[in-house]
C-alpha cells in the first residue's frame, strides 16, 4: 500500500508521495504536476480535472469549481453570497442543511452536495496516484485550511468516506507548510533557543499567515490568521473588471453579466498577471469575447499596483493578527518564508518586506507544492510502513470550545477533570440562563489530540451542549453550536450518581464525546480467611518432690501429673505437632522425672494459630457504559446516508469507466476507417479484388456516417462494428503481409539450404566420423526442399495478389525447421572413443617392471595386502621380482 498527501487547492490539486526515501510530486496523465480542482457533469459522464477544464466554456452551467470554499457551508453564510459571483454552476441548499451544486447530469437535474463533488475529485486524484505507484492507494492525508470549523472538517471526512479512502489525518495547510520547512532543517535548530519563522501564503482563494516556533526535532504552531477575500483570483477579478469597464464604454455591453464571457476574460487576466510578475507591461487580448467583439489592451505593472491598492490593507491586517496572536515582536521573527502562487506578484512581496522589516524574503519552499509535501511527510510519520526521522509536530486549534449544562439542583456544580484529582480545572464563564452554566473545555491554542474527562452528579438523564465560545474567531455565518449530547441514565430513585464523560478534540480538530460511564458505589460481603489464635494454656503443675515419687504414693503423683497434662489439651496438641510424641511416651517419662522438664519447655512456646473464614463488608465502584445520543448537529450527514452516497459514487465511477471505454472503442473504430480508406487506395490496392474495391469504399463511407449519427451508441454496438470491419479487411491485410514477408523468408531458406549442404559434403575432420549415408541424406533433403520451393514460387508468381496465396511464410518456416532439426542431429554426432593401447609382448620386461619394488608396493596397496618386510638386502635384491 502507498500513502499519499493531497493538497486540495482552490484552483488546482497537488499529490505527493514517498518514493525511494524522498518525497516526489505525482504527475497526471498529461505530465502536469497540478490537476485542476474542477468537476463537470454531462449527459453521459462526469468530467474531472483537465478534461473538465477543456469543456468548461461549453459546459460552464454544469461545472463546479472553488469546491473547498463551498464545502461545509450553509446557504445563509455571507461567504457563500460572495462565492456565487465566482461559481459557474448554481449554488443551492441541500437536504443535509448545507449548500451544493445544481447541475444537469444524464439529462436529469440533480443537486450534489459539495462533499459528493469533492469525492469525485478525490477519486480522480487516487487514480493518478495509483497509476504512478503501480499499487492500490487507500491511506491519505488531506490538507485543509486552518480556519475550517468542526462542520467543514467533518465534510472532508465524509467526502473521503464516499470516495472509499481512509484518511489518516486532515492536516492544517499552515502546519503542513511548517513541517515541510522544518523537517529538513531539524539539525540546524538549537535545542534550547527557539527559532521563530513566519509563513505568508497567498493561494488562489485564501491568504494565511502563520508563526511557528522551531527547536531541534520539534515545531510548535504559535498563531495563524487568514483572509478568505484575498487571493490570486481577486487579483484576476480586478484585471477583469478593469477591462470589462473599458469594453462597456466602447460597446455598451456588460461582460460581467455573462459567465461565458467572464471565463474568457479570466483566462486572459491570469496570463497578464503572470507576465507582469517578470515584466513592466503585458498585453491583454480576448477574441470574440461577446457578440463577435474583441478586446485588445495593454496593462502596465504600475497600473496594476494602483488597481490593487484596496487589497494592501487586507494583507497588512492578516499579518498583524498573526503577529499579535503569537505574542512575539518583529525582532523575534528570524525568517519570513513565502508560499502560494499569489506571492509571486511583486507588490505582494514588497508589502510583506515592509511589514516584517526584512530586506529579503526566504523562498526555499516550492510555492505550489509545499502543502502536499507536508501532508505526505505526515502520512509517512503516521504509517508504520515508513521510517521517518524523529520530528514532533504540535498543532493547535484557534476556535475555543465550551460546554453548557443544566444544573441539577440549587447547589453549585461544575464538571471536573480526572487529571486534577477531582478538582475543578475549567473556569466558570458564568450563568447563561436560569439554572444553566457553561465552562470552557478546550481553550484557544489547545493541542489537537487532547482529552478531557468530565464528572457530573446526576440521578436522571441529562444533556450537555457544545459550542464555540468565541464567535469572532469563526468565519462569518458559521453556527457556533456544535450540537447536543443526550446522556441516557437509568433512574436511580432520586439518588445522585457519578457520571463521567470523556470528551476529545482529536488530531483532525474534530470534537467528539467518546464515552460516558456511570460510577455506582455499592457494599458487598466478602469471605476471607484469617489467622485465629488458640487460647493460652494453663500454668504447668508444681514439681513433685523426689521422695514422693520414690515412695508408695508415687502412683498418685503420676496420676496428678497426667490429669494436668490432659486438661492442658493445647500443650498436648503442640507436642504432637512439634515433636510428634505420643501420650504414652509422655506418661512414661513422668516416672523418671521427665514431665517436670517437659512442661517447663511447653510453657515457653507461642500459642498455636489456625485459619478461619470471616465475612467482611467492603465497597466497590461499578462502572456502566451509558448511551450517548447526538442531536442538533446541523450539517452533519448521518452515517447511513454517507454509505448510500458511497454506493452511488461506485455506480457513477463504473458508468464513467464504461463511457471512457466506449469512447476509446469509438476512436479506435474511427481510426480504423481512416486507415483502411488510405491503404486500399495505396499499399493494399493490388491485394483488393477489383470488383470489390468500389463496394469497400462505399462501406467505409457508410461506417463513417454511422459514427457521426450514433456518437452515443453503446459500447457493445461499437465493438460489433469494429469486429465486422476487422473481419472484412483482415484478409486483405494478411495477403499484403504474406507478400511482404515471403521474399525475405525465401532468401533465408536458400541460405540455410546452402549451409547444410556445404557442411554435409565437407571433408573437414569434424564430420569425418559421420556415416556418409547420413550425410548424403542431408544433401538429398536440401535438394528436395529446394525443388519444392522453386515449384511453389513459380505457382505463386502465376497467382494474382488479391487471391489467397499458395506459398505462405508459415509453410517455408515449417520446412526449414524440419531440415534444421534433422541436419543438426546428424552433424552433431560425437566422435567415437579411441581404442586402448596394446599390451607389451616381452615377459622379461614385465618381470623387470614388476621387480622394481615400487610397483610391488603399488599393487599391494591396491589389493589391500601388506608387503612382507625384507630379511636382508641380498634377499630383497634377488627375490624382488619373484615376490612381486
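The values are calculated or read from the model by the stated rules, or taken from the named source; none is laboratory data. Computed from a predicted model, the values in this text were never measured in an experiment. Backbone-built Cβ (ideal geometry, glycine too); neighbour counts: all protein chains shown.
Which one is surrounded by the fewest Cβ atoms within 10 Å (Cβ to Cβ) among residues in the range 764-799 that are under 23 Å from residue 738 (Cβ atoms) and touching a residue at least 40 places away in the same chain (Cβ under 8 Å)? Of everything passing the filter in the range 764-799, 793 is surrounded by the fewest Cβ atoms within 10 Å (Cβ to Cβ). Within the range 669-702, the residues that satisfy the criterion of being more than 21 Å from residue 722 (Cα to Cα), surrounded by fewer than 12 Cβ atoms within 10 Å (Cβ to Cβ) and either free of Cβ contacts under 8 Å to residues at least 40 places away in the same chain or touching a strand residue (DSSP E or B) at 6+ places or on another chain (Cβ under 6 Å) (or both) are 682, 691. Here 801, 807, 789, 819 are screened, and the one residue that is closer than 22 Å to residue 755 by Cβ, touching a helix residue (DSSP H, G or I) at 6+ places or on another chain (Cβ under 7 Å) and in a loop (DSSP other than H, G, I, E, B) is 807.
The condition of being closer than 30 Å to residue 141 by Cα and outside the structural domain of residue 215 (by TED's automatic domain parsing) holds for only one of 370, 343, that being 370.
Can you spot a residue in the range 632-639 that is assigned to a helix (DSSP H, G or I), exposed (fewer than 13 other Cβ atoms within 10 Å of the Cβ) and modelled with pLDDT of 90 or more? The answer is no, given that none of the residues of the range 632-639 is assigned to a helix (DSSP H, G or I), exposed (fewer than 13 other Cβ atoms within 10 Å of the Cβ) and modelled with pLDDT of 90 or more.
On inspection, residue 247 fails the criterion of being over 27 Å from residue 226 (Cβ atoms) and in a strand (DSSP E or B). If you go through the range 374-386 and keep only what is in contact with a strand residue (DSSP E or B) (Cβ under 6 Å, 6 or more places away or on another chain) and crowded, with 24+ Cβ neighbours inside 10 Å, you end up with 375, 376, 378, 379.
Exactly one residue out of 221, 206 is under 18 Å from residue 266 (Cα atoms), surrounded by 23 or more Cβ atoms within 10 Å (Cβ to Cβ) and in contact with a helix residue (DSSP H, G or I) (Cβ under 9 Å, 6 or more places away or on another chain): that is 206. The residues of the range 171-196 that are part of a strand (DSSP E or B), touching a helix residue (DSSP H, G or I) at 6+ places or on another chain (Cβ under 7 Å) and buried (at least 24 other Cβ atoms within 10 Å of the Cβ) amount to a single one, 171. Residue count for the range 655-665, restricted to those that are closer than 27 Å to residue 98 by Cα and without any contact (Cβ under 8 Å) to a residue 12 or more places away in the chain: 0.
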